[in-house]
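Reading through the structure tokens given below for one structure.
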Amino acid sequence: MKHIPHVSLITVIEIVAILVGAMSGFVEARRKRMDLVGVFTVAFITAFGGGTLRDILLDVRPLFWVEHQGYAILIFVLALVATPLVRTIRQIVSERIIVVADAIGLGLFAVAGVSQAQAADMPVFIAAMMGVITGIFGGVLRDIVCNEVPMVFRDGKPYAICAFFGAWLYIALQHTHVSNDFALWFSAAFITLLRLLTWKFDMRINR
Amino acid sequence: MKHIPHVSLITVIEIVAILVGAMSGFVEARRKRMDLVGVFTVAFITAFGGGTLRDILLDVRPLFWVEHQGYAILIFVLALVATPLVRTIRQIVSERIIVVADAIGLGLFAVAGVSQAQAADMPVFIAAMMGVITGIFGGVLRDIVCNEVPMVFRDGKPYAICAFFGAWLYIALQHTHVSNDFALWFSAAFITLLRLLTWKFDMRINR
Amino acid sequence: MKHIPHVSLITVIEIVAILVGAMSGFVEARRKRMDLVGVFTVAFITAFGGGTLRDILLDVRPLFWVEHQGYAILIFVLALVATPLVRTIRQIVSERIIVVADAIGLGLFAVAGVSQAQAADMPVFIAAMMGVITGIFGGVLRDIVCNEVPMVFRDGKPYAICAFFGAWLYIALQHTHVSNDFALWFSAAFITLLRLLTWKFDMRINR
């Protein structure tokens, strides 16, 4: 239990990642012509699905969003406000901004996931997997609810793989003399930059 | 922990709601041309899925249907009997009866869900959400297994919203001088009537 | 808690069943043209999904694959190796071999599932259901992730039903004088043979 970061840092990380996830859920739900209930639920699942699945698998309770009902209320209010405005939002918010925000979310979620798994004394490979699950399963559950084959499993783009490499970087940095806070932020930034680079150059992994 | 109703009342509520859920599952599974195994499983998931998801999120065990295996056996026997008879049943049971039964189930499930979440000391907004989850996620999981975008997320009808309003009514009534039993039944009836009214007048919420 | 088999036997059973499940996941994921991430995840879900769902429903932790990270690493390595080779593998491995391996996995998973449910003091019908869930829900979750109506719910073939009969056979044998190890292997073999017989003669159950 030695490498647990300050709770406050993890909390900040998760809040940013949650808002980015919710935005991605709003867009997808509107693309599927869902109503207000669908928009809220899909945004909620996208934002909290990865962390919730991780906590169910690890048997950690209370869930983040159960303990801090403010986040659920925030997404609820955003869904009420955003649903009529989504077309306008999509005209203002370019695809580039969505990709950047999503890459930031991926880095933050994945590193937070590794950290939480280590706090639950998981073996190292499982901790790395839990980081990737936290990073990608919000989107996976979003796609399942939207009745699509999850994008992250079929587009050949190294999305989960960026999270996987960053999870191992974080684990490796814990064995150096850098502080855990530095290791957290550095690894999250690494994932974000790696994701943006692979997106910029449209890299694909061998199918 | 002050507003927990008598266990017996909650039990009666859940039994009625379970049977209604199972019926809805039978109909959907047959519509997708599923076999006996699919009919049983989809009926089971529709009947118990919402409450099971709530209990997993709250970490409550044993699950209702695990503790009382009689309900699982009941649905099993109904699936054996109902599968060859479903066409006949659908000729006898009109859409109107299905909608009415489903509206009763929605009210009962949602209020039971709020009550269970309060028994687990959940914050108030999460308790209301758990009521809605209990009320609608049986149907959501049914639609996911049947490979459809969940109806409740896309038809624009105020189904989940009726449950949400009723959940808050139940919570509000707990702060009045009415008995908890009255608050339970009154809120469940409110949800059922609101749902039937919105169905009768084919109301849609703003997309 | 009297009929718990030796841990070692159950462990061997689960390992064989996991490898068979992973293979089925590889094939399905490639059929849906998934990339490396999808192939790994679908193989993992197919192999561990049934047992994981059972353990979440029973609230048993740590999960098998969390405690023994070797299995996750094994599937990871297999995914890395298998993805480029899957076409070759499918030319070598005929459908017949896949069906036989899958029938063995079904028997082993189902009996292990009953045994685990009994270890958690479940009532007898729920224990039989948990056996079937362990046997079939890996494939069900695989099909949901692959955006298909689960095959086991719609093809009318007695797949789950073989597991169900075998689960009851195992439960019945516990009340005879045979050893629990014999009961385990005999019931697993019974399920495998019953499945292969019904496949050989293309039997269907009444829809």
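The values are calculated or read from the model by the stated rules, or taken from the named source; none is laboratory data. Bear in mind the structure is a predicted one, so any value in this text is a computation, not a measurement. Cβ placement follows ideal geometry from the backbone for every residue including glycine, while neighbour counts extend to all protein chains displayed. With ligands, DNA and RNA removed, areas are computed over all heavy atoms of the protein, side chains included. Shrake-Rupley method; radii C 1.70, N 1.55, O 1.52, S 1.80 Å.
Over the range C:40-81, with every protein chain in place, what whole percent of the accessible area is carbon and sulfur at 1.4 Å, could you tell me?
Numbers: 1000 of 1370 Å².
Percent of accessible area from carbon and sulfur atoms in the range C:40-81: 73.
Note on exposure: C:Tyr170, C:Tyr159 ranked by accessible area (1.4 Å probe, complete protein assembly) read C:Tyr159, C:Tyr170, with the most exposed listed first.
State whether the range B:140-207 is rounded, prolate or oblate according to the following rule on the C-alpha gyration tensor (a ≥ b ≥ c being the square roots of its eigenvalues): a/c under 1.5 gives rounded; otherwise a/b larger than b/c gives prolate, and the remaining case gives oblate. Prolate, because a/c is 1.5 or more and a/b exceeds b/c.
A Gaussian network model of chain B, with springs between Cα atoms under 10 Å, assigns the largest mean-square fluctuation among B:Pro158, B:Pro123, B:Pro150 to B:Pro123. Shortest first, B:Gly70 label-point distances to identical copies amount to 4.7, 4.7 nm, with the label point at 7 Å from Cα along Cα→Cβ.
Pairs of Cα atoms nearer than 8 Å and 6+ residues apart set the relative contact order; for the range B:7-200 it is 25 percent.
Peptide A:61-74 has a mean of 4 when you count, residue by residue, the C-beta atoms of other protein chains within 10 Å of its C-beta.
Identify which of A:Ala72, A:Ala167, A:Ala29 has the largest mean-square fluctuation in a Gaussian network model of chain A, with springs joining Cα atoms closer than 10 Å. Highest fluctuation among the options: A:Ala72. Could you check the simple spin-label distance between A:Ile205 and C:Val77, using points 7 Å along Cα→Cβ, in nm with one decimal? For the pair A:Ile205/C:Val77, the computed spacing is 1.8 nm. Placing a label point 7 Å from the Cα of A:His177 along the Cα-to-Cβ direction, the distances to the matching points in the other copies come to 7.4, 7.4 nm, shortest first. Build a GNM of chain A with springs between Cα atoms under 10 Å apart, and of A:Gly49, A:Gly38, A:Gly166 the one that fluctuates most is A:Gly38.
Placing unit charges on the Cβ atoms of the charged side chains and taking the dipole of the range A:7-200 about its Cα centre, the candidate lying farthest along the positive direction among A:Pro62, A:Ala183, A:Ile98 is A:Ile98. Restricted to Cα atoms, the protein assembly as shown shows a radius of gyration and a Dmax of 24.1, 74 angstrom. Placing a label point 7 Å from Cα along the Cα-to-Cβ axis, C:Phe125 is separated from the same position in the other copies by 4.1, 4.1 nm, shortest listed first.
Taken over chain C, the convex hull of the Cα atoms encloses 118 Å³ per residue.
By how many nm would the segment from A:Phe186 to A:Asp59 grow when fully extended, if each residue of separation counts as 0.36 nm and the alpha-carbon distance is taken off?
Details: separation 127, 0.36 × 127 = 45.72 nm, distance 2.83 nm.
The A:Phe186-A:Asp59 span can extend by a further 42.9 nm.
Using a 1.4 Å probe over protein heavy atoms, the accessible area lost on pairing C with A, summed over both chains, comes to approximately 2300 Å².
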